[in-house]
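The values are calculated or read from the model by the stated rules, or taken from the named source; none is laboratory data. Keep in mind that this is a model prediction, so the values were computed, not measured. Ideal geometry is used to build each Cβ from the backbone, glycine not excepted, and the neighbour counts take in all protein chains shown. With ligands, DNA and RNA removed, areas are computed over all heavy atoms of the protein, side chains included. Shrake-Rupley method; radii C 1.70, N 1.55, O 1.52, S 1.80 Å.
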Amino acid sequence: MAVKGSAGDSRDPLKLNCYCTVVKDQSPLQVQSLIELTAEEQETVSSNKTRLPLRFVAVIDESGSMASTIGNETLIYKMKIFARVMVRKMKAEDMLGIVGFDSDARVLLPITQMDKDGKKAAMDSIESLSAKTFTNLCEGILTGAKLFDTTEECAHCRNGMVVFTDGIANQGITDADGIVSAFNSIAQQTFGSNFCLPISTLTIGDYKPDLLLEISQRLGSDAFFWISDMNTFETDMMIPFYLRETSLVSDVHVTLHALNGATFDIKKMTTDRMVTGTQKTDVSPVEYHIHDISASMAKHLPCYIIIHDKEKKMKNKPIMEVHVTYRDYHNVPRELRITIVFINVTLAELRKKFKQQTNSSDKAVIAYMDSSVPMAITEITRAETAVAKIAQEECRTITVQAINSAADYFDLDEIVMSKDAIQATTDYIVQRKTEVNTVLSGQPAVIMCDRADTMIEALGHCLTIIEAGRSEGWQTMKTMASSLANESPTVGKIFPGKARPFAPPGMEAELEDYQKIVDQQKQQLQVPQKPPPKPKTFKDRHVAVSEKLSKASQEKIKELIIEHGGKPVPFVKKKAAYNMLVCSRAEFNDKSIKVRDALENQVRDKMKVLLELSADEKSLEASGHQRTPLRFVAVIDESYSMDDRIGRDKLTLIQRMQIFAELMAKDFKDEDQMGIVTFANDAKVVLPMTRMDSSGRDSALEKIQNISTRGQTNLSDGLLSAISMFKGSSGSDFHNGIILFTDGQANQGIIDAAELVQEYNSKMAGLGEGVCLPISTFTIGDYRPKLLCEVAQNLGSDAFFWLSDDTDFEVDMMIPIVLRETCLVSNIRIALRTLNGVTFDFLKMSSPFMVSSAESNNKTAAKYFIHDISADMLKHIPCSLLLPKDYKKTLQDKDVMEVNIAYKDLENVEREICTRIPFNSTSLGEIMKNDKYENTKRNSKSADLPSNRGTPTRNRMDTSTRRLRAPTEAQMHVVAYADCNHQSDMNGVQRGQQAIAKTAQEDCRMVTVGTINKAAEFVDYRDYSYSLRLVNGGIDEIKRIKSEIRTIADEDSRTIVGSFAATMIDSLGYCVTLLGDPQESHWARMKAMASSLATESPTAGGVFGGDKRPYLPPSVARSIEKYRAIVNLRKGPKSPETVKKLCGDAKRNTKAVLTTRIFKNKNFTLSDKLIADGNKMGSKETVKELIIKHGGTPVPFMYDTVLLCTKEEYVRNAAKVRDAKANKARMTIYVCAIVT
């Protein structure tokens, strides 16, 4: 090799070495070359001038999750400590800027010189950091970049940006291409082409930070930093600062030119440092860029040159030119230029020349090197060093590739393939080490062996991680690979032991110095304990404060009211403008005007009203009416992430969506219609609305196979395009629906739920009247699908569906279709209006069906909308009425509420139910006394009454004394009654008990829904301990409701409430289990649970744990099993483990499907004796289990029931037997009420 042109000298801070090896007699010849760039330490020693000033910007996450704790410190507190350490380490001429970001970004500190005043301003800015809302990572990075300017004064600085976030970007631009493009645009406009700004990204947590990793690779030259050691968190954050502070050269550009017909093998040369888009052909120049190189650090660029001419012809001819430009320690531009000449002297020939022993392999190897500065070493040493360096680089490169591959396989749960990738590379390095040792000796052999051993140790650590199945395995291995690929140090405890490859010699001592400053700062600040959330004692209350208190007391009390969830309001005489008055003891004792007014306006009595809507399948069967045709559009995500393999079948998500779409097409009847829309960067109509006759079905199946991945995630375009497909035909002729699936956050188009709902309403207005279009949303994965949750709540009446990847979720995606297929009434509009001075207490009327546009200022009207109700399903609307102060007088024999319900029946005929809820002040105890008297009179005449005599004569008898029960004290103070839209034969006591049971059930349900939603909110903040407290509090509240019911309810009512409460407690208990093992997916799972309970609609399997699935109608359960069999057949052969599990499932499911459903749609009540005997019938199954198995529903003895009793009870005509003979009640819709 020869050096030509500007080769530099010993004063250059950057040393350039070129190593080449060639294996002879190949065709074509391939020169394996390695370019080594090393920053020389002597530049700092020889210079009298101090280092260049630093200009640094810290971009810090302020999202809500930064309030989560590590030990007893919050993340935001640890970031404050890191920033304070950075300020302490900066010199007076250095400059610092600070940006915080949550939903948007804010400049906490513009770039400021760190003199005395600047450091004070920086410390003040750091204290303003706080946890807020979401994570707009892109806006934070762009705002940080805009702080840099290019004035002459700032041109002589070392620049750097450090970016920290603890979670997934969920606002703004959320893909790497978009962020990099936006950054480059700002850089071009603001800085120009000669500006060098390396970005270092750091994170923490058990999520998958693939976005940050890619930003690090494309916008920086450091390793990616995933912090695992919380004890050194702040010092690890300082590593990018240290690397900028000690950098000797910056803005290094390397350009390679192939000469004399030689070409590059670009595929083998690709690294993160390569400047993309410059290699148009294999003879085009290849460009690399490195932001900076710190003292005692080296960077290597592998190069593969192909020589097409014969070896002898190319002898001593130039084959490549290396041109390096950079800025030195004083920011002076410099350059190096070297020409590599082809030399065909073998290693054997060199050994003979220097009288060394040769071996057979030496004859085939050509090796040589040269440097930008003269080197006093022999040719043979140069040749051996070249062999060692290139072998060393080969070990590093294949180790990086192996660890990256293993991490990707590990992420897909391909453990065997992950281990194979590591083991195969380890074996190859061991073999390569042995081969090279036969050629080398002395120092070159030591160089090679040391690097090989380091790589083998790193690979062994990866194997340990994989075998242990560590949840953070992907993050750890990707961080290792990034450190090795960039030849840059990373954070502690990533590599085995205390190993930190590529760390400069002085870094360890500097990190120890940083740690001392961290300890000092923590002592000064006194680590704050995270305060427990303030109890919301005054939540949603308006509180008036007496003016007779001192001004200071008034202000303090108002602050406390706000802190505890209340709202201070002015006092208004004789108006109930407040819920509470705060006054002095003396003022209360004197009974001032304000106190008297407050006493008169004390908490008003309330009345609970529960509307229950049920669709009667019996009337459908009697009419023989066929179901209404379906019209559905499947909206399917086509973004690249859909190529991920999910579940035990190892199919990609896009393949599983194809299976679902096929299932949909094959299941539809000839009169049904179907369309398919896919979305990525934009929406594409794959299948227009098509009738599913023979030709339509064939067309659909063909087009489904052509669905493939592309682009990003423009969810809004897909949804709005689907709505447009419902134009052109009468909506009343079909039961419509949209099924929407995505596997990740929307990052294109409309990503705000409110804006998307507004666009939906605008599109729906264009479809005309009569089109009822519910949207069902499905997702999967470890992210927080807030947009989909809101879409499901605002635009549909089904539950939100979160899918578990270990289930056949293609089957679960058919649930909305079966619900539309079996729906008996649709387009249900409910209008409520209070009467006679009664008002609504909207705070107690939470329901997903409430129309959001209802006027909040009007406390006398409420509106609800339900898309449809399927067979065997109920919907409940809870109402809370505030009664006037003198309600006992003014409401006697009057109505309290008017109910108007409009809906469409199976024949799409508009129907209406109008009723009024009367006020009744007769307590349950008084009704029982009257009923006792009537029963005594009747029983004295006859023990059995004919069924046509009217009111049933059920006796409430004590099982031990057989005497008629007297009402309890509690029953004397409770008003409870039921009413319905047609005549019922239940007596007053039965109606009262029915009301008690139903409203208690509803209370349990609302407590459960509210608790899970609130707990999920704190899960979003990663405050799992407080979430757990909330869930346990919910369990205690349901137990309190059960206990309260015991004092006023009879045995039947206690049974039904107890059974329902147990179901709700089970759901909350499962939440406790989830919170004990925090995972990223728990937020979505808990939201799906709450949504199912709130809408009283079935959700996907696995959400409630095990086989539990509340509100799943029998018809839907049967359809699910049918679809599961079809899907399993479609997926083909399974692994032995899967086959075993499926066989067990099939055996259980077959029993359920083949069982004769002789009790379908019938309600059953058990007699007292059967209940006392433990419900056993001489078999392993209880009576209740047998009823359910054969299609029936066990209920307390109230209405429309079949009584199961012993022969003894029937012969002696027990009380329940007599009532059963008389009871003929049937209700489609009724009202239950309790006044407290």
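Rounded, prolate or oblate: which one fits the range 248-389, using the alpha carbon gyration tensor with axes a ≥ b ≥ c (rounded when a/c is under 1.5, else prolate when a/b beats b/c, else oblate)?
Working: a/c = 2.26, a/b = 1.41, b/c = 1.61.
The shape class here is oblate.
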Listed by chain and number, the residues whose amide H is under 5 Å from that of THR112, excluding neighbours fewer than 5 places away on the same chain and using placed H, are LEU96, GLY97
Provide the solvent-accessible area of HIS308, counting protein heavy atoms only and rolling a 1.4 Å probe, rounded to the nearest 10 Å².
-> 110 Å²
State whether the range 54-227 is rounded, prolate or oblate according to the following rule on the C-alpha gyration tensor (a ≥ b ≥ c being the square roots of its eigenvalues): a/c under 1.5 gives rounded; otherwise a/b larger than b/c gives prolate, and the remaining case gives oblate.
-> oblate
Please report the relative contact order for the range 630-825, taking Cα pairs under 8 Å with a sequence separation of at least 6, and give it as a percent rounded to a whole number.
-> 23 percent
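Quick check on my link table: of LYS606/LYS929; LYS268/LYS299; LYS89/LYS120; LYS91/LYS516; LYS478/LYS498, which ones sit more than 20 Å apart, alpha carbon to alpha carbon?
Working: LYS606/LYS929 25 Å; LYS268/LYS299 17 Å; LYS89/LYS120 14 Å; LYS91/LYS516 18 Å; LYS478/LYS498 18 Å.
The pairs that break the limit, which is 20 Å between Cα atoms, are LYS606/LYS929.
Calculate, for the range 54-227, the solvent-accessible area per residue in square angstrom, rolling a 1.4 angstrom probe over the heavy atoms of the protein chains. Walk me through the numbers on the way to the answer.
Values: 5660 Å² over 174 residues.
Per-residue value: 33 Å².
Over 20 Å between C-alpha atoms is what I'm after, so list which of LYS650/LYS1108; LYS80/LYS522; LYS998/LYS1207 land there. Mind showing how you got there, number by number?
On the way: LYS650/LYS1108 25 Å; LYS80/LYS522 10 Å; LYS998/LYS1207 31 Å.
Table pairs above 20 Å Cα-Cα are LYS650/LYS1108; LYS998/LYS1207.
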So which of LYS844/LYS1014; LYS558/LYS859; LYS24/LYS353 end up more than 24 Å apart, counting from Cα to Cα?
-> LYS558/LYS859
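Might you tell me the accessible area per residue for the range 988-1111, computed with a 1.4 Å probe and given in Å²?
Numbers: 4040 Å² over 124 residues.
Accessible surface, normalised per residue, equals 33 Å².
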Just order 896-908, 1205-1217 by mean Cβ neighbour count inside 10 Å, highest at the front, would you?
-> 896-908, 1205-1217
HN-Hα couplings for the range 1038-1044 via Karplus (6.51, -1.76, 1.60; θ = phi - 60°), in whole Hz with x for Gly/Pro, come out as 5, 4, 5, 4, 4, 5, 5
Using 7 Å Cα-to-Cβ label points, what is the GLU379/TYR1111 separation (nm, one decimal)?
-> 8.6 nm
May I ask you to give the percent of accessible area on the range 377-520 that is carbon plus sulfur, with a probe radius of 1.4 Å?
-> 52 percent
Which value in Å does the Kirkwood hydrodynamic radius of the range 643-689 take, with 1/r averaged over all unlike C-alpha pairs and then inverted?
-> 12.2 Å
Please work out whether the range 988-1111 counts as rounded, prolate or oblate from its C-alpha gyration tensor, where a ≥ b ≥ c are the square roots of the eigenvalues and a/c under 1.5 means rounded, while otherwise a/b larger than b/c means prolate and anything else oblate?
-> prolate
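What FRET efficiency comes out for the pair THR839/HIS542, r = Cβ-Cβ distance, R0 = 22 Å, nearest 0.05?
Details: r = 15 Å, r/R0 = 0.66.
FRET efficiency, THR839 to HIS542: 0.90.
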Using a basic spin-label model with each label point 7 Å from the Cα along Cα→Cβ, how many nm lie between THR1206 and GLN356?
-> 10.2 nm
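By average Cβ neighbour count within 10 Å, what is the ranking of 1083-1096, 916-929 from highest down?
Sorting 1083-1096, 916-929 by mean packing, highest first, produces 1083-1096, 916-929.
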Taking R0 as 60 Å and r as the Cβ-Cβ distance between MET764 and THR281, the FRET efficiency 1/(1 + (r/R0)^6), rounded to the nearest 0.05, comes to 0.65
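Once you have the Cα-Cα distance between ASN344 and ILE557, take 0.36 nm times their residue separation minus that, and quote the gain in nm to one decimal.
Going from the current span to full extension adds 67.6 nm.
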Taking H placed 1.01 Å from N in the peptide plane, check which residues at least 5 places from MET320 or on another chain put their amide H under 5 Å from its amide H.
-> LEU259, ILE340
In square angstrom, what is the accessible area per residue of the range 228-355 with a 1.4 angstrom probe?
-> 40 Å²
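Roughly how many percent of the accessible protein surface of the range 54-227 is carbon and sulfur, given a 1.4 Å probe and a whole-percent answer?
47 percent
For a protection proxy built on the mean count of beta-carbon atoms within 10 angstrom, sort 377-386, 243-252 highest first, please.
Numbers: 377-386: 19.6, 243-252: 22.9.
My ranking of the peptides, most packed first, is 243-252, 377-386.
Using a 1.4 Å probe and counting only protein heavy atoms, arrange GLU912, GLU36, GLU321, GLU555 so the residue with the most accessible area comes first.
Values: GLU912 125, GLU36 10, GLU321 45, GLU555 105 Å².
So, going from the largest accessible area down, we get GLU912, GLU555, GLU321, GLU36.
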